[in-house]
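Asks: Before anything else, here's the structure in question.
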Amino acid sequence: MIGAAFDSSHFGRNMSEILAYGTAVVIEAEPGQSSPVRLV
């Protein structure tokens, strides 16, 4: 996961809304690449 956000709000006397979401990625090596994948 490279990014995440969280938010909440209340409405009414006994109700709440909770939101959580994020961005996920999959990193794969190129075919024939001998060195490991590195994030900079």
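Asks: Taking the condition of being surrounded by 10 or more Cβ atoms within 10 Å (Cβ to Cβ) and not in a strand (DSSP E or B), how many residues in the range 1-14 meet it?
Replies: 0
Asks: Cβ-Cβ distance below 6 Å, separation of 6 or more or different chains: which pairs start in the range 16-35 with a residue that is within 17 Å of GLY3 (Cα to Cα) and end on one that is modelled with pLDDT of 85 or more and not in a loop (DSSP other than H, G, I, E, B)?
Replies: Sorted first by the residue in the range 16-35, then by its partner, the pairs are LEU19/ASP7; ALA20/PHE6; TYR21/ALA5; GLY22/GLY3; GLY22/ALA4; THR23/GLY3.
Asks: Can you tell me which residues in the range 15-38 are surrounded by 10 or more Cβ atoms within 10 Å (Cβ to Cβ) and modelled with pLDDT of 90 or more?
Replies: Selection gives GLY22 alone.
The values are calculated or read from the model by the stated rules, or taken from the named source; none is laboratory data. Fair warning: this is a prediction, and the values are worked out from it, not measured in the lab. Methodologically, a virtual Cβ is constructed for each residue, glycine included, from the backbone with ideal geometry; neighbour enumeration extends over all protein chains shown.
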